[in-house]
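S.K.: After the structure tokens below, expect a handful of questions from me.
The values are calculated or read from the model by the stated rules, or taken from the named source; none is laboratory data. What you see is a predicted model; the values in this text were computed from it and never measured. All Cβ positions, even for glycine, are placed from backbone atoms using ideal geometry, and neighbour counts span all protein chains on display.
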Amino acid sequence: MKYSVFAVIPLALGASAATPCTVTKYASISSAVASCTDIVLSNIVAPSASAIDLSKLKTGAKVTFAGKTTFEKTPDKSFDPIIIGGTKVTITGAPGHVIDGNGQVYWDGLGSNGGVAKPNHFVVVKNTVDSVISNLNIKNWPVHCFTISGGSGLTLSNINLDNTAGNAPNSVSNGLAAAHNSDGFDISSTSGLTLKNSVVNNQDDCVAVTSGTNILVTGMTCIGGHGLSIGSIGGKSNNVVDGVTFSNSVISNSENGCRIKTNSGTTGTVKNVTYSGITLKNIAKYGIDVQQDYLNGGPTGIPTNGVDISGITFKNVKGTVASSAYNYYILCGSGSCSNFTFSGTSITGGKSSCNFPSSKCTS
Ligand SMILES: *[C@@H]1O[C@H](CO)[C@@H](O)[C@H](O)[C@H]1NC(C)=O
Ligand SMILES: *[C@@H]1O[C@H](CO)[C@@H](O)[C@H](O)[C@H]1NC(C)=O
């Protein structure tokens, strides 16, 4: 008797752990989220105005995207197609899966600046605690891809973002790349975040941190976009960036490499930011760029000093920019930049212009 009891209990536990709730219809997602801790979303077709809402997952729940996840058109800028939240949750993908944002039905070269109404944030990650997002393949998002805010202890890894289908102009984009404002990862007001070993192929920032503390971005491959960015800082609900490291990454065929930009006439703090082991290839505008003159999304050429930028390290940032580009472009407000360190940094191919640390740029 004793032996059979011992034999049965582990088997029963093993069997329940090995049986996920597999969801194949959009309408069944909410009940699975409410009751299951191991969910497989298999070949989901999300109808118009219907988000895949994973914001109320049970603590410790795991969700696996399998097969092809698709979205019908929802011309609404405040509609968020995928929402993620929870504590100790894991969001992942099965081998061969793809999440396709159906960007082609929105793209008009204008992104969030006008034209067709488009879901502005494709994957919204809000207030997660000690959670993991890994092994996802996402393509054709309408405007921004990941918007991550609040929470702490999030790790994102092995995420492949592919918006290359938006590189070419289409019939309504007036010769511009069809996709626009297609940031890979936008990060704000979070602490203890790690983003690693991921690929972003897009038309805007690869990663943009606008606020937050203790953030590590490493092992990134950024192609076709605007590089690894802090900013733009100022005029938002949180204007403090403290402790961000970008390391061991390659940025190619992009407008910028490493960029910090702050908004004109605003206040804020950017401190303890390190760019280390960054390889630049074929950069069109700026290799290293620090600018304090942004206004309405563009530079004015006149820097202001309300956002303090201090403790910035560029270590082993190496590579080439186009001949018309800047190796280094630094435009600080009066007295608002301090303690910049450059070591082992070598960017060649273009010109340079700096008003800090000296007019000779890194020296
Ligand atoms: C700087 O930020 C890093 C995280 O990027 C953190 O580990 C380190 O402790 C911070 N250093 C200081 C002096 O705050
Ligand atoms: C300069 O910045 C580095 C990196 O953030 C920091 O460790 C150091 O304490 C700062 N030095 C001063 C004098 O503020």
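S.K.: Being surrounded by fewer than 18 Cβ atoms within 10 Å (Cβ to Cβ), on the phi < 0 side of the Ramachandran plot, within 16 Å of ligand 2 (Cβ to nearest atom) and not β-branched (V, I, T) is the filter here; which residues of segment 309-327 pass it?
M.R.: Residues satisfying the conditions are S310, K315.
S.K.: Quick one: is A179 crowded, with 24+ Cβ neighbours inside 10 Å and over 17 Å from I82 (Cα atoms)?
M.R.: yes
S.K.: Could you tell me how many of the residues in segment 339-363 are outside any loop (DSSP other than H, G, I, E, B), under 17 Å from A325 (Cα atoms), without any contact (Cβ under 8 Å) to a residue 60 or more places away in the chain and not polar (S, T, N, Q)?
M.R.: Residues that pass the stated criteria total 3.
S.K.: Among the residues of segment 299-339, which ones are small (G, A, S), more than 16 Å from ligand 1 (Cβ to nearest atom) and over 18 Å from S254 (Cβ atoms)?
M.R.: G301, G306, G333, S334, G335, S336
S.K.: Being buried (at least 20 other Cβ atoms within 10 Å of the Cβ), in a strand (DSSP E or B) and out of contact with any helix residue (DSSP H, G or I) (no Cβ under 8 Å at 6 or more places or on another chain) is the requirement here; does S249 meet it?
M.R.: yes
S.K.: Let me ask something else. With respect to K261, determine if the residue is at pLDDT 95 or above, among the basic types (K, R), touching a Phe, Trp or Tyr at 6+ places or on another chain (Cβ under 7 Å) and more than 16 Å from ligand 2 (Cβ to nearest atom).
M.R.: yes
S.K.: Among (1) surrounded by fewer than 17 Cβ atoms within 10 Å (Cβ to Cβ); (2) closer than 21 Å to T313 by Cβ; (3) of a type in the set (S, T, N, Q); (4) touching a residue at least 40 places away in the same chain (Cβ under 8 Å), where does Q292 come up short?
M.R.: The single condition Q292 does not satisfy is (1).
S.K.: Could you list all residues from segment 7-30 that are of a type in the set (A, V, I, L, M, F, W, C), modelled with pLDDT of 95 or more and part of a helix (DSSP H, G or I)?
M.R.: Matches in segment 7-30: A27, I29.
S.K.: With the requirement that a residue be more than 20 Å from N43 (Cα to Cα) and either over 19 Å from the mean Cα position of the chain (by Cα) or surrounded by 20 or more Cβ atoms within 10 Å (Cβ to Cβ) (or both), what does segment 78-95 give you? Give the steps one after another, and end with the answer.
M.R.: Going through segment 78-95, the residues more than 20 Å from N43 (Cα to Cα) turn out to be 78-79, 85-89.
Within segment 78-95, G86, T87, K88, V89 qualify.
S.K.: In addition: Being crowded, with 19+ Cβ neighbours inside 10 Å and either touching a Phe, Trp or Tyr at 6+ places or on another chain (Cβ under 8 Å) or assigned to a loop (DSSP other than H, G, I, E, B) (or both): is that true of P75 here? Talk me through it step by step, then tell me what you get.
M.R.: Details: crowded, with 19+ Cβ neighbours inside 10 Å: no; either touching a Phe, Trp or Tyr at 6+ places or on another chain (Cβ under 8 Å) or assigned to a loop (DSSP other than H, G, I, E, B) (or both): yes.
Against the criterion (crowded, with 19+ Cβ neighbours inside 10 Å and either touching a Phe, Trp or Tyr at 6+ places or on another chain (Cβ under 8 Å) or assigned to a loop (DSSP other than H, G, I, E, B) (or both)), P75 does not qualify.
S.K.: Does at least one position in segment 281-297 carry a residue that is under 19 Å from N339 (Cβ atoms), within 16 Å of ligand 2 (Cβ to nearest atom) and not β-branched (V, I, T)?
M.R.: no
S.K.: Can you give me the ranges of the strands (runs of 3 or more DSSP E) entirely in segment 103-182 with at least 3 residues that are of a type in the set (A, V, I, L, M) and touching a strand residue (DSSP E or B) at 6+ places or on another chain (Cβ under 9 Å)?
M.R.: Result: 121-126, 132-139, 155-162.
S.K.: With the structure loaded, tell me whether N170 is surrounded by fewer than 21 Cβ atoms within 10 Å (Cβ to Cβ), touching a helix residue (DSSP H, G or I) at 6+ places or on another chain (Cβ under 7 Å) and touching a residue at least 60 places away in the same chain (Cβ under 8 Å) or whether it fails that test.
M.R.: So N170 does not fit the description; no.
S.K.: To continue, here is another question. Within segment 84-94, is there a residue that is within 19 Å of S134 (Cβ to Cβ), charged (D, E, K, R) and in a loop (DSSP other than H, G, I, E, B)?
M.R.: yes
S.K.: Of the residues that make up segment 330-338, is at least one more than 16 Å from ligand 2 (Cβ to nearest atom), more than 16 Å from G231 (Cα to Cα) and free of Cβ contacts under 8 Å to residues at least 40 places away in the same chain?
M.R.: Yes: segment 330-338 contains one or more residues that are more than 16 Å from ligand 2 (Cβ to nearest atom), more than 16 Å from G231 (Cα to Cα) and free of Cβ contacts under 8 Å to residues at least 40 places away in the same chain.
S.K.: Here's a follow-up. Those residues that are farther than 20 Å from G268 by Cα and within 16 Å of ligand 2 (Cβ to nearest atom), I need them from segment 218-257; list them, please.
M.R.: F246, S247
S.K.: Look through segment 298-308, keep the residues that are assigned to a strand (DSSP E or B) and modelled with pLDDT of 95 or more, and return whichever of them is nearest to ligand 2 (Cβ to nearest atom).
M.R.: Of everything passing the filter in segment 298-308, D308 is nearest to ligand 2 (Cβ to nearest atom).
S.K.: What tally of residues in segment 233-246 results from selecting those that are surrounded by fewer than 24 Cβ atoms within 10 Å (Cβ to Cβ) and on the phi < 0 side of the Ramachandran plot?
M.R.: Count: 7.
S.K.: Any idea which residue in segment 29-72 is surrounded by the fewest Cβ atoms within 10 Å (Cβ to Cβ), counting only those that are within 24 Å of S131 (Cα to Cα) and of a type in the set (D, E, K, R)?
M.R.: K56
S.K.: Return a yes/no flag: does segment 188-195 have any residue that is among the aliphatic types (A, V, I, L, M) and in a loop (DSSP other than H, G, I, E, B).
M.R.: Checking segment 188-195: not a single residue is among the aliphatic types (A, V, I, L, M) and in a loop (DSSP other than H, G, I, E, B).
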